[in-house]
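Participant: Have a look at this one before I ask anything.
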Amino acid sequence: MLTYVTTNPGKVREAESYLRDGSVKRLEYDYPEIQSPDLAPIAAHGAREAYRHAGDPVLVDDAGLFIEGLDGFPGPYSSYVEDTLGVEGVHAIASDLDDRRASFRCVLAYCDGDDFDASPDPIDREDRNAAAAAGPDAETADRPLPVKLFEGYVPGTIVSPRGDGGFGYDPIFEHDGTTFAEMDTERKNAVSHRGRALAKFAEWFAER
Ligand code: ITT
Ligand code: NA
């Protein structure tokens, strides 16, 4: 049984639709989040915390909206910014920009207490390097639990809100002429950051 650890029901809906076989259990656990300009270390740290808490194989999902004309804002702060400025507020700021290109990014982090084979995945290697850079003690005395990372990315444009599906920033994110809030879950999964990350995870997980 795979436990998807999140406080966000929209993420679970998409994961369940993608993985389909009913093998996903949701755990609503607000794991402690570190701050970083990158999603990968946030997801990796979250997966370790969630695995220690749950004791079962866990998948943690860290995602964000990156607006090019704002140097990637709100990025890893997307959740805080949705709670403060709100989706309308982010749209208002972006509508003053010449460059309204944006992307959604998602990093899935899997941890089950096992060590994984050295992986050719570059972000996995980065995470290992980050662990090594934490010092010799981090490698020996208190070596971090191994985590496997899967990344997904989708390009788009910030537009005026359209549609009432999806969640979060979906109404203002247009991809190929359609906002994510105008797509049903299956169609969004076929192109989205989360769908792409889930595809990589599912392929790897099936081999295990
Ligand atoms: P958990 O950390 O508990 O999983 P969260 O909603 O706080 O839930 P994040 O920390 O990853 O998740 O924050 C991501 C933010 O980006 C949050 O405001 C989401 O609503 C938004 N977001 C993530 N994926 C999205 C998607 O597919 N469509 C629209 N908005 C999304
Ligand atoms: Na969060």
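Participant: Run the numbers on the chain and let me know its relative contact order in percent, using alpha-carbon pairs under 8 Å that are six or more apart.
Facilitator: Relative contact order comes out at 21 percent.
Participant: In units of 2.2 N^0.38 Å, what is the alpha-carbon radius of gyration of the stretch 2-207?
Facilitator: 1.03
Participant: Once phi is turned into ³J(HN,Hα) by the Karplus curve 6.51 cos²θ - 1.76 cosθ + 1.60 with θ = phi - 60°, what whole-Hz value does each residue of the stretch 100-114 show in order, with x for glycine and proline?
Facilitator: So the Karplus estimates, Gly and Pro as x, are 9, 5, 8, 9, 9, 10, 9, 10, 9, 10, 10, 9, 9, x, 7 Hz.
Participant: Now, a different point. When the helices in the chain are scored as -39500 (n - 2.57) per DSSP H run of 4 or longer and the sum is shared across all residues, what 222 nm value do you end up with, to the nearest 500 deg cm²/dmol?
Facilitator: Taking each H run of at least 4 residues, the total per residue is -11500 deg cm²/dmol.
Participant: For a quick check: sort Leu108, Leu145 by the number of other beta carbons within 10 angstrom, fewest at the front.
Facilitator: Working: Leu108 26, Leu145 16.
Sorted ascending by nearby Cβ count, the order is Leu145, Leu108.
Participant: Using modelled amide H (1.01 Å from N, peptide plane; none on Pro or chain starts), what sits under 5 Å from the amide H of Val154, excluding residues fewer than 5 places away?
Facilitator: Phe104, His193
Participant: Points 7 angstrom from Cα along the Cβ direction at Ser17 and His53: gap in nanometres?
Facilitator: A separation of 2.6 nm, rounded to one decimal place.
Participant: At a temperature of 10 °C and a viscosity of 1.306 mPa s, determine how fast the stretch 50-110 diffuses translationally according to Stokes-Einstein, using the Kirkwood radius over alpha-carbon pairs as Rh; express D in µm²/s, rounded to the nearest whole number. Let's see the in-between values first.
Facilitator: Working: Rh = 13.0 Å.
D, rounded to a whole number, is 122 µm²/s.
Participant: Any chance you could run the full-extension gain for Glu203 through Thr7? It's 0.36 nm times the residue separation minus the Cα-Cα distance, nm to one decimal.
Facilitator: Extra length from Glu203 to Thr7 when fully extended: 68.0 nm.
Participant: With θ taken as phi - 60° and the coefficients 6.51, -1.76 and 1.60, list the Karplus ³J(HN,Hα) couplings across the stretch 143-157 in order, rounded to whole Hz; mark glycine and proline as x.
Facilitator: Once rounded to whole Hz, the list reads 5, x, 4, x, 10, 10, 10, 9, 10, x, 9, 9, x, x, 9.
Participant: So how compact is the stretch 150-208: Cα radius of gyration and Dmax in angstrom?
Facilitator: Taking only Cα atoms of the stretch 150-208, I get Rg and Dmax of 12.6, 43 Å.
Participant: Spin-label point model (7 Å from Cα, Cβ direction): what's the Ser36 to Arg162 distance in nm?
Facilitator: 3.6 nm
Participant: Explain nothing, just compute: Karplus ³J(HN,Hα) = 6.51 cos²θ - 1.76 cosθ + 1.60, θ = phi - 60°, for every residue of the stretch 72-81 in order, whole Hz, x for Gly and Pro.
Facilitator: Here the 3J(HN,Hα) series is x, 5, x, x, x, 9, 4, 5, 4, 5 Hz.
Participant: Test of understanding: ordering Leu59, Leu85 by Cβ neighbours within 10 Å, fewest first, what list do you get?
Facilitator: Placing the least packed residue first, the sequence is Leu85, Leu59.
All of the numbers you see were taken from the coordinates with simple rules; none came from a lab. Keep in mind the model is a prediction, meaning the values are calculated, not measured. As a convention, Cβ positions derive from the backbone with ideal geometry for all residues, glycine included, and neighbour counts pool all protein chains shown.
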